Amino acid sequence: MSRWAQWREGLRLPLALLAAALLLMLLGSSWSGLSRSAQEAPRVIPGAAFTPVLGSGSRRAHGLQVERFQEERVQLLSGMQRLSADHYRYLQVRLEELPSGVPLTLLWRSSDSPQPQRLRLSRLHNWGPITLDLTHQPGWRGEILQIGIEVEDPLQRRFTLVDLRFYSAEHRLGIAALLSDWGNTQPWSMRSINFLLGASQKEQAWLTPLVAAWLVTALLFYLLFGRFTHRPAKRSALLLLLAVGWGVLNLHWLANHWIQSRATYQQFSGKSPQQAAAAALDGHAYRLAEAWSAIIGDHPATRLRIVTHDPRMGYWRHRLHYHLLPRNIYNLDQQLHPTMGAQADYLILLGTPPGVRYHHHLQRLEWEEGSLNATLLASDPLATLYRLQ
């Protein structure tokens, strides 16, 4: 066999693997391009849907015009939203008449993190539409419940919030999306594999079937190249093909395991059991239960009802239930009932059900179908605690 023939035979398998990878990425990119005609429109929150919390403004046809600041700041918050952070990872903010150099902060609250999250934005030019990639923001996860912006301007200049536009990851180039979704490792979420309430809704392609498709395609290219060069398939090449697939999966698993182990070590190393519980994913529920236990008391006969109208709050419902044990807890209600006053001593209301109002001077919870005599004991962005009478 000549030297050129040896080189050609040696490059046969690598070229087959490369050709298979390029073909699969091309097919994925083409499929993404073909599906763009049916791509969903961006989720738009118009400026008129925002309410000034600090400062004041007026709603106009093209958005919300901010007219007055409070202590050199203005803060605008939207009403309740239902945005999947995993699905909508790109945000475009459209503002008018806001000069460059004015500090702008993005605010949001999610089902995974009831405490408000903040992201300071940088501006390199006069404000026009800007697009933010929120994929790697730690607090951008779960279901986004509320969003807003905060502007600091010592000169208190007027500006207009036109709208916020949320885009899914499909607006990226197909190959970039494939490389991102297929190649990234998955961080440790600290959610039990048997308990997925409130978990991510993003469905990623399985790496093992993708690698199998790559190897099968590479094998077809390898046999095709052999027909042109009149060389039979070698058993060693087939074994090497399987070894490459196993190596890719094993390296991905090792890298993923290393990232998860490192994140777990950094988050929990050197902490007491109480500090570790507070640092966990459900740490907010743990801290809330610890604080409210001093109000409720620790008698097992104490009766509590946990009520939430939003099924997406299921994770926090069950974690709060767990941290409040061993009290007598009823945790299946999705609506308030007038008879709850005789069935429980305390009420925990997760979120803010529509139409429910609390009158402080009457010490009463009211909604369209009825009311409850209740005393407000503690309030938090995640939940509110009442004593039933």
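Every number here is computed from the coordinates shown, using simple stated rules; none is lab data. Here the structure is a predicted model, which means the values were calculated and not measured. So basically every Cβ, Gly included, is an ideal-geometry build from the backbone, and we count neighbours across all protein chains shown.
Of note:
- Among the GluC sites (Glu not before Pro) found in region 313-389, those both in a DSSP coil and sparsely packed, with 10 or fewer other Cβ atoms within 10 Å of their Cβ, are GLU368, GLU369.
- Protection-proxy order for peptides 374-382, 42-50, each taking the mean of Cβ atoms within 10 Å per residue, highest first: 42-50, 374-382
- For region 357-371 versus region 72-100, the gap between their alpha-carbon centres in whole angstrom: 33 Å
- Sparse-neighbour loop sites [trypsin sites (Lys or Arg not before Pro); region 250-331; at most 15 other C-beta within 10 Å; DSSP]: LYS271
- Length-normalised contact order of region 276-388 in % [C-alpha pairs under 8 Å, at least 6 apart]: 24 percent
- For the pair ALA212 and ALA61, label points projected 7 Å from Cα toward Cβ lie 5.9 nm apart.
- Per residue, the convex hull volume that the Cα atoms of region 216-354 enclose (Å³): 195 Å³
- Interatomic Cα distance distribution for region 276-388, bins of 10 angstrom, percent: 14, 50, 31, 5, 0
- Nearest-0.05 FRET efficiency for LEU155 and THR51, computed from C-beta distance (R0 22 Å): 0.40
- Residues with amide H under 5 Å from that of GLN146, placed H, sequence gap 5 or more: GLN81, ARG109
- Overall, region 276-388 carries a charge dipole of about 100 debye about its Cα centre when +1 sits on the Cβ of Lys and Arg and -1 on the Cβ of Asp and Glu, all other atoms neutral.
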